[in-house]
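A.B. asks: First the structure, which I've put down as structure tokens, then a few questions once you've had a look.
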Amino acid sequence: LDIGRDWTFTTAGIYQTGQAYTLPQARFSLQNNPFSSNDLNGLYSPLLNTERLPAYHRVDVGFTKTGRFFGFADYELTLQVLNLYNRRNVWFYTYSFDTNPVEESAVEQLPILPNIALSLDF
């Protein structure tokens, strides 16, 4: 969207259903592991990709200014904000074997992320 004086405005909204993932059904532990001095802990999952992560969504906005840089180069200055409303989308889950039952923790993607870019074309 052209907003005047060589400035443009852009926006993008993204929505996706959650990615499929495999939900563990049980845990196992191999003690006296012949290949290591540590016990081997694992998760058992009989069915693959039967669950979904929470829905993914975010909004990005940006402003771009174009012009001449001191008369010898064309420039493009971009100011962006990705994930404008700071949505902490789940990337994947990790599992801690230190507790019983196993503790599940969400690993989140990047929070709000400002970005500045300058491009010169000689």
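The values are calculated or read from the model by the stated rules, or taken from the named source; none is laboratory data. Computed from a predicted structure; not experimentally measured. As a convention, Cβ positions derive from the backbone with ideal geometry for all residues, glycine included, and neighbour counts pool all protein chains shown. Please note that ligands, DNA and RNA were not included when accessible areas were found on the heavy atoms of the full protein model with its side chains. Shrake-Rupley method; radii C 1.70, N 1.55, O 1.52, S 1.80 Å.
A.B. asks: Assess whether Leu113 counts as being of a type in the set (A, V, I, L, M, F, W, C) and open to solvent by 50 Å² or more (accessible area, probe 1.4 Å). Quick ask: steps written out before the conclusion?
C.D. replies: On the way: of a type in the set (A, V, I, L, M, F, W, C): yes; open to solvent by 50 Å² or more (accessible area, probe 1.4 Å): yes.
Criteria met by Leu113.
A.B. asks: Checking the conditions here, which among Pro34, Pro46 is touching a residue at least 12 places away in the same chain (Cβ under 8 Å) and loosely packed, with under 11 Cβ neighbours inside 10 Å?
C.D. replies: On the way: Pro34 fails: touching a residue at least 12 places away in the same chain (Cβ under 8 Å).
Criteria check complete, one pass: Pro46.
A.B. asks: Right, next: Criterion first (of a type in the set (S, T, N, Q) and closer than 18 Å to Phe92 by Cα) does Thr66 satisfy it?
C.D. replies: Values: of a type in the set (S, T, N, Q): yes; closer than 18 Å to Phe92 by Cα: no.
No; evaluated as a whole, the condition is false for this residue.
A.B. asks: Arg68: of a type in the set (D, E, K, R) and without any contact (Cβ under 8 Å) to a residue 12 or more places away in the chain, yes or no? I'd like the intermediate steps shown before the answer.
C.D. replies: Working: of a type in the set (D, E, K, R): yes; without any contact (Cβ under 8 Å) to a residue 12 or more places away in the chain: yes.
Answer is yes for this residue.
A.B. asks: I'd like to check which strands (runs of 3 or more DSSP E) are fully inside segment 1-52 and have at least 1 residues that are over 28 Å from the mean Cα position of the chain (by Cα) and within 23 Å of Leu84 (Cβ to Cβ). Even if it seems obvious, please write down each step before you answer.
C.D. replies: Numbers: elements: 2-4, 7-16, 26-30, 40-44.
Once the strands (runs of 3 or more DSSP E) in segment 1-52 are filtered for at least 1 residues that are over 28 Å from the mean Cα position of the chain (by Cα) and within 23 Å of Leu84 (Cβ to Cβ), what remains is 2-4, 7-16.
A.B. asks: Go through (1) loosely packed, with under 12 Cβ neighbours inside 10 Å; (2) farther than 27 Å from Leu1 by Cα for Gly71 and report which single condition fails.
C.D. replies: With respect to (1) loosely packed, with under 12 Cβ neighbours inside 10 Å; (2) farther than 27 Å from Leu1 by Cα, Gly71 is out only on (2).
A.B. asks: Looking only at residues in segment 76-109 that are hydroxyl-bearing (Ser, Thr, Tyr) and open to solvent by 50 Å² or more (accessible area, probe 1.4 Å), which one is farthest from Arg27 (Cα to Cα)? Before the answer, list the steps.
C.D. replies: Start the filter on segment 76-109 by keeping residues that are hydroxyl-bearing (Ser, Thr, Tyr), which leaves 78, 85, 93-96, 99, 105.
The next check asks that each one be open to solvent by 50 Å² or more (accessible area, probe 1.4 Å); those that pass are 85, 93-95, 99.
On the way: Tyr85: 37, Tyr93: 15, Thr94: 14, Tyr95: 10, Thr99: 12 Å.
So the residue we want is Tyr85.
A.B. asks: Continuing with this model, one more query. What are the residues in segment 94-118 that are at pLDDT 85 or above and farther than 20 Å from Arg58 by Cα, if any?
C.D. replies: First pass over segment 94-118, keeping only residues at pLDDT 85 or above: 94-96, 103-118.
Across segment 94-118, the qualifying residues are Thr94, Tyr95, Ser96, Glu103, Glu104, Ser105, Ala117, Leu118.
A.B. asks: Cβ contacts < 7 Å: first residue farther than 19 Å from Pro111 by Cα and without any contact (Cβ under 8 Å) to a residue 12 or more places away in the chain, restricted to segment 81-98; second residue of a type outside the set (A, V, I, L, M, F, W, C) and open to solvent by less than 70 Å² (accessible area, probe 1.4 Å), any location; separation 6+ or different chain. Result?
C.D. replies: Ser96/Ser105
A.B. asks: Could you tell me whether Ser105 is more than 28 Å from Leu1 (Cβ to Cβ), under 16 Å from the mean Cα position of the chain (by Cα) and without any contact (Cβ under 8 Å) to a residue 24 or more places away in the chain?
C.D. replies: Yes: the conditions hold for Ser105.
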